[in-house]
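Participant: Got a structure here, written out as structure tokens. Questions coming.
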Number of protein chains: 2
Amino acid sequence: MLSAAARARITVVLVGARNPSNIGAAARAMQDFGFTDLRVVNEFAPPFEASQLEASRGVENPGVAAEPLTAKSAVGAADVMANARRFDALPEAIADCTLVVGTTAIGGRGLVREILSLQAAAPQMLLAALPAEARVALLFGSEKTGLTNEQLSHCEMLLTIPLFAPEGARHLSMNLGQAVAVCLYELSREGFENARELPAIHEAAATAEDRERLTQLLLDVMQATGYAKRFPANSRESVVRALTLQLGKSRDEAATWLGLFRHILRKTPTSEQ
Amino acid sequence: MLSAAARARITVVLVGARNPSNIGAAARAMQDFGFTDLRVVNEFAPPFEASQLEASRGVENPGVAAEPLTAKSAVGAADVMANARRFDALPEAIADCTLVVGTTAIGGRGLVREILSLQAAAPQMLLAALPAEARVALLFGSEKTGLTNEQLSHCEMLLTIPLFAPEGARHLSMNLGQAVAVCLYELSREGFENARELPAIHEAAATAEDRERLTQLLLDVMQATGYAKRFPANSRESVVRALTLQLGKSRDEAATWLGLFRHILRKTPTSEQ
């Protein structure tokens with residue numbers, strides 16, 4: 001069984017979900033499978049607060065019919081919704097996360113990065129959630145577009161739920177609540193026995209915030225040395241973020257890279273900026 | 001491997017589903033995982049015909065907003081809905097089925113029959129669907145009550161989706177669409193013949209030689225910028241090699257790092273070497 005402690009270190013992040021009923025449905029799936037930490041990235045407060053309000057209403061006064069869609073979707077998910085947090089931007093939402101995993105439908109995005117099947121990704125996520133200081137974020141995009149390339153660039157691992165693709169199918173995507181349910185089912189499916197036997201990770205893992213700091217500093221280095229001017233295609237933020245995702249798996253190593261990049265910046269004439 | 005033919009021999013039966021949007025959501029999950037045979041047992045025609053009508057509308061005239069709930073739930077599920085059949089009573093709906101499987105939440109029903117986990121039941125269902133004349137029915141009850149004892153009595157096998165049950169939990173049940181999605185995911189989990197292959201990694205992997213070149217160049221950068229003098233422990237060759245092992249998983253990325261480090265070297269005053 002997936003221990004309650006490890007389960008609590010897996011966070012569901014809904015990025016740009018527009019429909020309160022979908023947020024409620026995701027919360028209900030979390031409740032069903034015993035996950036508790038829900039974060040919603042949305043510039044606009046209403047959808048989040050509407051679903052939160054209605055989920056709490058459902059508990060305090062279950063006989064009163066709230067706005068039917070959300071109240072139904074979030075049945076039993078009031079605890080999850082009550083603890084859910086809204087963020088204005090993705091980097092803040094994942095700042096404390098040690099592994100950031102993006103969900104994506106396959107096809108048409110021109111991604112060159114490897115996309116794991118849910119079945120292949122789940123054991124890696126469970127392993128990453130073992131250390132006490134770990135936090136694994138599982139990101140779901142908006143109902144309409146999924147995660148954008150920019151949002152995917154924050155992810156160290158990409159996964160997809162293998163869907164049936166008939167000939168000529170162009171657009172594969174799942175209902176948001178169903179996708180969350182399937183992912184959390186898979187994470188709960190085998191339990192933790194296998195993961196526990198694997199060697200423990202003793203090094204403190206770097207957080208998304210550590211890595212984002214690296215990304216920004218590396219961008220500065222590219223500017224200051226004139227590299228960005230000469231190789232603009234290699235210096236786009238999403239490309240640089242992909243580079244730094246490989247840096248500093250541990251906090252110690254991230255600190256070394258940060259120190260070196262700062263050092264380079266200090267020594268570099270900035271005339272080419 | 002679940003062949004398309006065997007998949008066509010697995011039938012989803014919704015017994016007493018009241019909400020057209022839930023029927024639409026189940027149809028969408030079926031479409032996502034490549035299942036085609038949906039049967040709805042309902043004394044009253046309206047919910048079924050409403051969801052069928054709206055699913056077909058969505059296809060014929062996608063610009064026209066139908067009743068929003070169902071139209072949304074059944075996105076991409078028009079084919080499934082168009083072929084769906086309504087029955088007045090359960091026995092008729094499952095008359096041609098060679099194995100009837102009921103889904104149920106655990107607890108409180110006083111059932112003495114064995115209930116398999118979804119994981120344990122799925123291989124038996126797949127095996128039962130192998131013969132050409134087979135038909136396996138998977139039954140889901142109404143949103144409110146689940147399958148009744150009478151309905152469960154028609155089932156040769158009972159399964160449950162293992163849910164997280166906190167202390168004192170009385171009522172465990174899933175959203176209908178989510179439950180259908182999770183069951184069909186499990187049935188498809190081992191792979192599809194027709195599933196689109198996961199994108200291959202076309203990028204050439206970096207070689208040990210590429211990485212060693214990176215190590216040496218990074219050592220040079222550390223020397224040239226004075227970092228090595230200031231942080232000697234971080235600048236030992238073995239430490240730097242550990243850092244570069246994470247760089248440039250692909251040759252393209254390794255080339256980017258090499259280019260950047262060379263650029264930095266050219267721009268850095270070498271006075272501290």
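The values are calculated or read from the model by the stated rules, or taken from the named source; none is laboratory data. These figures come from a predicted structure and were not determined experimentally. Cβ sites come from the backbone with ideal geometry, for glycine too, and all protein chains shown count toward neighbours. Heavy atoms of the whole protein, side chains included, go into the accessibility calculation; ligands, DNA and RNA do not. Shrake-Rupley method; radii C 1.70, N 1.55, O 1.52, S 1.80 Å.
Participant: Among the residues of the range A:8-32, write down those that are more than 19 Å from A:Leu147 (Cβ to Cβ) and in contact with a helix residue (DSSP H, G or I) (Cβ under 8 Å, 6 or more places away or on another chain).
Facilitator: Result: A:Pro20, A:Ser21, A:Gly24, A:Ala27, A:Arg28, A:Gln31, A:Asp32.
Participant: Do we find that A:Arg196 is more than 19 Å from A:Arg251 (Cα to Cα), among the basic types (Lys, Arg) and either at pLDDT 80 or above or within 16 Å of the chain's Cα centre (by Cα) (or both) in this structure?
Facilitator: When the stated conditions are applied, A:Arg196 does not pass them.
Participant: How many residues, within the range A:144-164, are surrounded by 19 or more Cβ atoms within 10 Å (Cβ to Cβ) and either of a type outside the set (Gly, Ala, Ser) or without any contact (Cβ under 8 Å) to a residue 12 or more places away in the chain (or both)?
Facilitator: Residues in the range A:144-164 being surrounded by 19 or more Cβ atoms within 10 Å (Cβ to Cβ) and either of a type outside the set (Gly, Ala, Ser) or without any contact (Cβ under 8 Å) to a residue 12 or more places away in the chain (or both): 14 in total.
Participant: Between A:Arg211, A:Arg189, A:Arg251, A:Arg170, which is more than 22 Å from the chain's Cα centre (by Cα) and either at pLDDT 85 or above or more than 9 Å from chain B (Cβ to nearest Cβ) (or both)?
Facilitator: Just one listed residue meets the conditions, A:Arg170.
Participant: If I filter the range A:16-23 for residues that are open to solvent by less than 10 Å² (accessible area, probe 1.4 Å) and modelled with pLDDT of 90 or more, do I get at least one hit?
Facilitator: Scanning the range A:16-23, I find at least one residue that is open to solvent by less than 10 Å² (accessible area, probe 1.4 Å) and modelled with pLDDT of 90 or more, so the answer is yes.
Participant: Mind listing whichever residues of the range B:80-94 are open to solvent by 80 Å² or more (accessible area, probe 1.4 Å), farther than 14 Å from B:Val12 by Cβ and either modelled with pLDDT under 85 or in a helix (DSSP H, G or I) (or both)?
Facilitator: The one that is open to solvent by 80 Å² or more (accessible area, probe 1.4 Å), farther than 14 Å from B:Val12 by Cβ and either modelled with pLDDT under 85 or in a helix (DSSP H, G or I) (or both): B:Glu92.
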